[in-house]
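Quick notes on the structure that follows.
What follows draws every value from the coordinates through simple rules; no lab data is involved. Computed from a predicted structure; not experimentally measured. In this analysis, Cβ positions are derived from the backbone assuming ideal geometry, glycine residues included, and neighbour counts consider all displayed protein chains.
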Amino acid sequence: MTSTEPDLFEVVNPATEEVIETVAMAGPAETDAAIARARAAFDSWRRVAPADRARLLRAFAAAVDADRENLAQLEVANAGHTVGNARWEAGNARDVIEYYAAAPERLFGRQIPVAGGIDVTFQEPLGVVGIIVPWNFPMPIAAWGFAPALAAGNTVVLKPAELTPLTALRLAELALQAGIPEGVFQVLPGRGPVVGERFVTHPDVRKVVFTGSTRVGKAVAAGCAAQVKPVTLELGGKSANIVFADADLMKAAATAPYAVFDNAGQDCCARSRILVQESVFDEFMALLEPAVLGVRVGDPRDEKTEMGPLISAAQRERVASYVPEQVAVQGLVPEGRGFWFPPTVLAPVDQSSPAFTEEIFGPVVAVVPFRDEEDALRIANRTEYGLSGSIWTRDLGRALRVARGVEAGNLSVNSHSSVRYSTPFGGFKQSGLGRELGPDALNAFTETKNVFISTEE
Ligand code: NAD
């Protein structure tokens, strides 16, 4: 390919394997031009009065709300997400924008008592923020970055994953329609080593938000270090779902499949290791089997479908490489075209095997027994990851002890919830750096400036 030929990427529907659109990938020159536009737009965007910036963000949220069904259908076609999930994701993008629309008018500094004058702090925007998004949750992950970044007065260049650019492109159109000025929020479809890497190396990009694999995240962090560029990382996971003997076993078993097979397991918070107290192991497995076989896998457009296909043929191959010939339970998948992989339970499983230690990012879960609280924590924490996890018990003291003991950023007790836009989200250890969402996310998109004003005559 010569440099004048456009780099075209065929976007494929993973449920049908049909090409649904061809998207031009931005090259180095286009990336630099977009960063220059974002840099120019920053000077005026940061000066937009807080109430006006808030109003524009509320208008953006309203535009997303009005387009929710269209955005959801785009995601069903582009990512194979079930329509129920895709509607939630579009609603989540709207909610995140609306939540941070309240921020410009609440971006408080402090007044600190000092001698000889007044000391005040300001939360200053950073400049251009580069956001790099993976393919597994294209809309929510984009919004978790761009909404607080824009609210704090930054401008944004955002690169969706190669495989899933369509909803991000639509969100950029909706921002313009809502009155967000040109250059303030730009979406650049492109390749990681081209556009993503330029966000890291370009000196006018003052912050990078990266969500994706731990491998690429480490390279992004190393690149940012060369310019002492702040970076937020949301990386992989291998989370534990810990079930104690005193738990509501029916509920724990009925919900466990959805905690890992949701989005076909392509979820960084997937509870892909189930740890069950040994005295109830057999009982739990007997309850888990019908729950797994009951997961409805099929056409993601069907409202009743609970699990769709994997994102690509390559991902299916990767997932299959972790699955031995003998499995404990395996569901069914539709015949014919589409990147299908059945819900799969591995038990017994060697705790040092890759299936138990590596992130599979597919609908595969491994179940192991544990003796007591200490043993459960030892197994749960024996991983380089630390993103999420669940604890099932009726003993409140134990729930809190174990929740405090698990080295992970997002835990739930008698539930599998990980993400709420109003609470902080992020990982311990190699699952990430920094936190997104919640009341403090603006700290990651501002610098604190201290100003002393003398009152002496
Ligand atoms: P990936 O790391 O391959 O790609 C993620 C993004 O980085 C893509 O947009 C890609 O184009 C870009 N990229 C690739 N090479 C790059 C480079 N050299 N420089 C800059 N950018 C580059 O990951 P993926 O396969 O798209 O996504 C799956 C991974 O994302 C999983 O490991 C999953 O756990 C993780 N993830 C984490 C979270 C979280 O919040 N912690 C959320 C979703 C996904």
Item to check | Net charge, residue 241 excluded, C-beta distance under 10 Å - Lys, Arg +1, Asp, Glu -1 | outcome: +2
Item to check | Cβ charges +1 (Lys, Arg) and -1 (Asp, Glu), total dipole of the chain, debye | outcome: 900 debye
Checklist entry - Hey, got the dipole for segment 240-420? About the Cα centre, +1 on K and R Cβ, -1 on D and E Cβ, debye to the nearest 20? => result 420 debye
Item to check | Karplus 3J(HN,Hα) series, Hz, for segment 360-369 with 6.51 cos²θ - 1.76 cosθ + 1.60 (x for Gly, Pro) | outcome: 8, 6, x, x, 10, 10, 10, 10, 9, x
Next on the checklist: What do you get for GluC sites (Glu not before Pro) in segment 270-357 restricted to DSSP loop and a cutoff of at most 13 other Cβ within 10 Å of the site's Cβ?
Outcome noted: 303, 325, 335
Checklist outcome for this item: Distance in Å, no decimals, from the C-alpha centre of segment 114-188 to the one of segment 56-102 is 15 Å
Checklist outcome for this item: Mean 1/r over distinct Cα pairs of the chain, inverted to a Kirkwood Rh in Å, yields 23.1 Å
Checklist outcome for this item: Computed for segment 403-457: size of charge dipole around the Cα centre, +1 on C-beta of each Lys and Arg, -1 on C-beta of each Asp and Glu, debye to nearest 20, value 460 debye
Checklist entry - Any idea what the relative contact order of segment 1-100 is, in percent, if you count C-alpha pairs under 8 Å spaced at least 6 apart? => result 27 percent
Next on the checklist: If you restrict to DSSP beta bridges whose two residues both lie in the chain, what percentage is antiparallel, to the nearest 5?
Outcome noted: 40 percent
Checklist entry - Which residue, chosen from 148, 390, 269, occupies the Cα position most advanced towards the positive end of the dipole of the chain, where the dipole is computed from +1 (Lys, Arg) and -1 (Asp, Glu) charges on Cβ about the Cα centre? => result 148
Item to check | Integer Hz, Karplus 6.51/-1.76/1.60 couplings in order for segment 78-95, x for Gly and Pro | outcome: 7, 10, x, 5, 5, 5, x, 5, 5, 5, 4, 5, 5, x, 5, 4, 4, 4
Next on the checklist: What is the ratio of the Cα radius of gyration of segment 280-368 to 2.2 N^0.38 Å, with N the residue count, to two decimals?
Outcome noted: 1.12
Checklist outcome for this item: Bridge orientation stat for segment 240-420 from DSSP, antiparallel percent rounded to 5, came to 10 percent
Checklist entry - Based on the alpha-carbon gyration tensor of segment 118-201 and its eigenvalue square roots a ≥ b ≥ c, which shape applies: rounded if a/c is under 1.5, prolate if not and a/b is larger than b/c, or oblate? => result prolate
Checklist entry - If you add up the charges near residue 379, with Lys and Arg at +1 and Asp and Glu at -1, over every other residue whose beta carbon is less than 13 angstrom from its beta carbon, what do you get? => result -2
Item to check | the chain, relative contact order in percent, only Cα pairs under 8 angstrom and at least six apart counted | outcome: 18 percent
Checklist entry - Which far-off residues, 5 or more places away or on another chain, put their amide H under 5 Å from the one on residue 12, with H placed in the peptide plane? => result 20
Checklist outcome for this item: Projected onto the charge dipole of the chain (unit charges on the beta-carbon of Lys, Arg, Asp and Glu, signs +1, +1, -1, -1), the Cα from 84, 73, 40 with the largest positive-side position is that of 40
Next on the checklist: For a quick check: with amide H placed at 1.01 Å from N, whose amide H comes under 5 Å from residue 340's, ignoring anything fewer than 5 positions away on the same chain?
Outcome noted: 310
Item to check | segment 240-420: relative contact order in percent, alpha carbon pairs under 8 Å with at least 6 residues between | outcome: 27 percent
Checklist outcome for this item: Computed from every Cα-Cα pair in segment 240-420, P(r) in 5 Å bins starting at 0 and rounded to whole percents is 1, 9, 18, 22, 21, 15, 8, 4, 1, 0, 0
Checklist entry - Hey, what angle do you get for helix 138-151 against the long axis of the chain, alpha-carbon based, 0 to 90 degrees rounded to 10? => result 30 degrees
Checklist outcome for this item: Sorted by chain and then number, the residues having a modelled amide H within less than 5 Å of the amide H of residue 274, at least 5 places away or on another chain, are 241, 366, 367, 368
